[in-house]
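A short worksheet on the structure shown next.
The values are calculated or read from the model by the stated rules, or taken from the named source; none is laboratory data. Predicted model, so just to flag it, every value in this text is computed and none were measured. Don't worry about glycine lacking a Cβ; one is built from the backbone with ideal geometry, like all the others, and counts go over all protein chains shown.
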Amino acid sequence: MQAMIDPTQHPGPNTRLFTAAFCPSCQFSYVPENRLQECPSCGQLLKSEVDSFGNTILHEGKESHEGAKGSGPKASQATEVDQLIGQQLGVYDIEALLGAGAMGRVYLARHRDLRRKCALKILPPALAESDPAYVTRFMNEGQAAAALNHPNIVTVHAIGEERGYHFIEMEFVAGRSLRELVEEDGAQTPVRATALALRIAEGLAAAHIAGILHRDLKPDNVILTHQGVPKITDFGLAKSVVINAKSDQPAEFVGTPSFMAPELFEHHPATQASDVYALGVCYFFLLTGELPFHEDTLSELIESIIHKPLPSFRSFQRPIPMEMAECAAMLLSKAPQNRPRSGIEAVQLLQAVLGQAEDIESLLQKAFENHPEIRWSRQGQRYLIDLNFSNGRHQAAFVEQSDHAAADRLLKISSVCCPALSVYFEPALRLNAEILHGALAIAEIDNESVFVMVDNYPLATVDPEEIRRSVLEVAHRADAIEKLLTGLDLN
């Protein structure tokens, strides 16, 4: 566990003292293992520093250091505590730390006058003192972002300064970041990844219409609500990064290198097209679980982004439809003129690829949002739904999409009845003739022939209520057939 404490406090007998180190590429602070000199994520030289809030970092334990070689940067350091928690800052009561990084800390706070919870992002005082230009941009872009009102953008309520702390008050979104989603659940299904990218593009389009660039779009800056709605945060708040790639002339950029468009490394100004490139990296990350370019050093990373071709989607051990792979390639084109020129054009492209099909996860959330007793989870490319019936019996149903082209895809709802033994064939045929919706079929699952209740819907037109009714009907029929043929409760 890491803790942020007052530097005058005497450390405990079992606590070892470390100085934080900051990676200018990842824009994240680390507690180095054995005095690491390079970032464990990108290989950039680490800058030694005391925490930017003026605190000392204490690391308890022996081997489980955050940021150990190969683990990559963490999206949140929510186990940290500091002197602001439990204190008042202007009209805010600061209750807890939601996340921390080089750009500042985000606290859960309560606005005393309005009696509402909010997320309060506070700039590190050391950063404000060392980079006045960043503070100016922080305030200016905060004012601009406050004018944005869109369901896929975290709303900015206020900006200000109190006792030397520059802050921005934002809508509190209880959820996890896009990075945490992929780290915890793995790469998303292609339709789900495309639907998420489309929603993010819609938020980006709203900002571009208002004349606002993001400049640092990445999975850490997209928060998912508990209903699965992505919301973009931190518009225009990317920090300048000084990169010295073994050169006598350091170069200054704005953003996070892994998500920066190639032209930005050639000193072209940020544009709507460079935001679209960052969207493409996020889309690639959702589809594959990896970033398109990752090298041992920052100079090699920049070289790859500028010159290397995009990795083939066929190299990943998961089926990605051709139209979605081509869409990601267009978003990630090295030449800005070959990309969608703005978030508006990115929306049009992603919508054309997705068609009218809503991703399965969103459909399931709507179908079962008022049925907390029904639990569902993703298993690779399909979704498992657990149902417990009032008679004490249990049944599992599966929801997945077919492999057809986007316009012809089907939503398949199925539930296993029992083993397809020859003794059951005759009664199964009689039962199948009596079924009005769906069908009783034989499928091979784990090298075993089983009877399965199946129902299909066009994915482009199916609605949540149809899914809910069909899942319940298929599961009940499968359970009834299982009971009739075997007398058991196997599934």
Exercise. Please name all residue pairs, on different chains or six or more residues apart, with Cβ atoms under 8 Å, provided the first residue is in the range 435-455 and is without any contact (Cβ under 8 Å) to a residue 24 or more places away in the chain and the second residue is part of a loop (DSSP other than H, G, I, E, B).
Key: 442/420
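For the range 456-491, which residues satisfy the criterion of being of a type in the set (Lys, Arg) and touching a residue at least 24 places away in the same chain (Cβ under 8 Å)?
Residues of the range 456-491 that are of a type in the set (Lys, Arg), as a first pass: 468-469, 477, 483.
Answer for the range 456-491, where residues must be of a type in the set (Lys, Arg) and touching a residue at least 24 places away in the same chain (Cβ under 8 Å): 468, 477, 483.
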Practice problem: Could you tell me which residue of the range 307-350 is surrounded by the fewest Cβ atoms within 10 Å (Cβ to Cβ), considering only residues that are over 18 Å from residue 203 (Cβ atoms) and small (Gly, Ala, Ser)? | Solution: 315
Quiz prompt | Unmet criterion (only one of (1) among the small types (Gly, Ala, Ser); (2) free of Cβ contacts under 8 Å to residues at least 24 places away in the same chain; (3) part of a loop (DSSP other than H, G, I, E, B)) for residue 304 | solution = (3)
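Residue by residue, here is whether (1) over 21 Å from residue 132 (Cβ atoms); (2) out of contact with any Pro (no Cβ under 6 Å at 6 or more places or on another chain); (3) modelled with pLDDT of 95 or more holds:
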residue: 235; (1), (2), (3): no, yes, no
residue: 254; (1), (2), (3): no, yes, no
residue: 257; (1), (2), (3): yes, yes, no
residue: 262; (1), (2), (3): yes, yes, yes
residue: 275; (1), (2), (3): yes, yes, yes
residue: 280; (1), (2), (3): yes, yes, yes
residue: 283; (1), (2), (3): yes, yes, yes
Practice problem: Would you mention how many residues in the range 440-491 are closer than 12 Å to residue 416 by Cα and polar (S, T, N, Q)? | Solution: 2
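With the structure loaded, tell me whether residue 485 is in contact with a strand residue (DSSP E or B) (Cβ under 7 Å, 6 or more places away or on another chain), farther than 15 Å from residue 396 by Cβ and not in a helix (DSSP H, G or I) or whether it fails that test. Steps first, please.
Values: in contact with a strand residue (DSSP E or B) (Cβ under 7 Å, 6 or more places away or on another chain): yes; farther than 15 Å from residue 396 by Cβ: yes; not in a helix (DSSP H, G or I): no.
The answer is no for residue 485.
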Quiz item: Would you call residue 219 on the phi < 0 side of the Ramachandran plot, modelled with pLDDT of 90 or more and not assigned by TED's automatic domain parsing to the domain that holds residue 287?
Solution: no
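Can you tell me which residues in the range 166-183 are closer than 13 Å to residue 286 by Cβ and out of contact with any Gly (no Cβ under 7 Å at 6 or more places or on another chain)?
Within the range 166-183, 177, 178, 179, 180, 181, 183 qualify.
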Practice problem: Would you mention how many residues in the range 126-180 are outside any helix (DSSP H, G or I) and either touching a His at 6+ places or on another chain (Cβ under 8 Å) or at negative phi (or both)? | Solution: 31
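Can you go through 413, 481 and tell me which one is crowded, with 20+ Cβ neighbours inside 10 Å, at pLDDT 85 or above and out of contact with any Leu (no Cβ under 9 Å at 6 or more places or on another chain)?
Details: 481 fails: out of contact with any Leu (no Cβ under 9 Å at 6 or more places or on another chain).
Of 413, 481, the one residue that is crowded, with 20+ Cβ neighbours inside 10 Å, at pLDDT 85 or above and out of contact with any Leu (no Cβ under 9 Å at 6 or more places or on another chain) is 413.
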Practice problem: Search the range 288-299 for residues that are modelled with pLDDT under 95 and pair each with any residue that is of a type in the set (Asp, Glu) when their beta-carbon atoms are under 8 Å apart and the residues are at least 6 apart or on different chains. | Solution: 295/303
